[in-house]
């Protein structure tokens, strides 16, 4: 059978298996085993255990459970509420200041947790009721939190970037740095829209603003210091040449646990056990998907599907930016139905040779890919962040949350266009701090 036809058959089969309700990891293993058995014989199945465990034989993978522990320990405390309250006291007089406070809190919380759902839940529990109480429209209140939560997979430390780095053998340190300025760009676009939407809604005159004294503003600052310590500690360890990303993740996890115990009095052994238990479950899930994706990638390569698709796309007589536009549409659609980790692990082996041949930077492409995955997090039918918001604000219809998130989707599309026009937005910081990639 022609490899391209076989590739289409694999793609359709994978979609059908995943839509059947089977978990992503199991689904990838089923598809891989069936096609290897049919086209390479039963003997090829003997390689599957070696491939499965061999994919996990990487020191860089240790950073995933460490960063998950880091996020879980922060999420289990009142850290998100304290961060939100500190920003709210300082920005209350700014037009749309409460929305901006929430977005700023989302950005900072994302920098510590690396998790979009955790960011939505931690900031949304405080932010959404407060915004509604003060007269903000429900669309702005929920949409801003849903969009702000997506920053967790772009702003470092990002588990999505770690997975991309492992799948493409790209420097995780460079990927983390590449997400900083685009992350700040997205925060700025989100804030700009929030201010405009608040003004346009006509609600600004009616918004209730609480006036804080200078004493109240300064007394909350010590609660923010632990966040700054964590971020500074992680960044200094990684980019100061002290530790590798995996070792840095361990530093971040330790700092978060210490702060949770000392500052937030998380002394109950049951609470600490819950953090480790939940972190272990999530880590095992992600690592299993990575291992299964390794088998899936081997199947694609063994049947010459990856090579044939890359060659076919390379031979297309189209402008490279038209090609990138088509890839973006594909990623966007994939992100509507599958979680970011699954999309990256499934498409990276196929797309990486294509984008390199077309002259695109893999580091730059990681940012473009991640923003596409962010859009998927606030778009149906999966739209994980939409359901998280609906869970913490059940009185607000899911339709309202979706309508509120759409303008922020437009902001993400604008960010993709700007980063495409000015690639230095993503590549400048890694090149300045780490030099040009060889």
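The values are calculated or read from the model by the stated rules, or taken from the named source; none is laboratory data. On a predicted model such as this, the values are computed, not experimentally measured, just so you know. Here Cβ is always computed from backbone atoms with ideal geometry, including for glycine, and neighbour counts include all displayed protein chains.
Listed residues 401, 378, 389; which is within 16 Å of the chain's Cα centre (by Cα) and surrounded by 21 or more Cβ atoms within 10 Å (Cβ to Cβ)? Explain how you work it out, then say what you get.
On the way: 401 fails: within 16 Å of the chain's Cα centre (by Cα); 389 fails: within 16 Å of the chain's Cα centre (by Cα).
Exactly one residue qualifies, and that residue is 378.
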Determine whether the range 318-327 contains at least one residue that is closer than 23 Å to residue 68 by Cα, touching a helix residue (DSSP H, G or I) at 6+ places or on another chain (Cβ under 7 Å) and in a helix (DSSP H, G or I).
no
Of those in the range 101-130 that are at pLDDT 80 or above and more than 19 Å from the chain's Cα centre (by Cα), the residue surrounded by the most Cβ atoms within 10 Å (Cβ to Cβ) is 128
Within the range 299-312, identify whether any single residue is surrounded by 18 or more Cβ atoms within 10 Å (Cβ to Cβ) and part of a loop (DSSP other than H, G, I, E, B), and answer yes or no.
yes
Specify which of the listed residues (383, 359) is more than 19 Å from the chain's Cα centre (by Cα), at positive phi and touching a residue at least 12 places away in the same chain (Cβ under 8 Å).
359
With the structure loaded, tell me whether residue 255 is at pLDDT below 85 and more than 30 Å from residue 57 (Cβ to Cβ) or whether it fails that test.
no
Condition (residue is assigned to a helix (DSSP H, G or I), more than 22 Å from residue 163 (Cβ to Cβ), more than 21 Å from the chain's Cα centre (by Cα) and at pLDDT 85 or above) applied to the range 226-245: is it met by at least one residue?
no
In the range 20-43, what count of residues is obtained for those that are in a helix (DSSP H, G or I) and either buried (at least 20 other Cβ atoms within 10 Å of the Cβ) or free of Cβ contacts under 8 Å to residues at least 12 places away in the same chain (or both)?
13
Of (1) in contact (Cβ under 8 Å) with a residue 40 or more places away in the chain; (2) within 27 Å of residue 413 (Cβ to Cβ); (3) surrounded by 14 or more Cβ atoms within 10 Å (Cβ to Cβ), residue 323 satisfies all except one. Which?
(1)
With respect to residue 365, determine if the residue is at pLDDT below 85 and touching a helix residue (DSSP H, G or I) at 6+ places or on another chain (Cβ under 8 Å).
no
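Is one or more of the residues making up the range 347-358 in a helix (DSSP H, G or I) and under 18 Å from residue 376 (Cα atoms)? So that I can check it myself, show each step before the final result.
The initial filter retains those residues of the range 347-358 that are in a helix (DSSP H, G or I), namely 347-357.
Now narrow it down to the ones that are under 18 Å from residue 376 (Cα atoms): 347-348.
There is at least one residue in the range 347-358 that is in a helix (DSSP H, G or I) and under 18 Å from residue 376 (Cα atoms).
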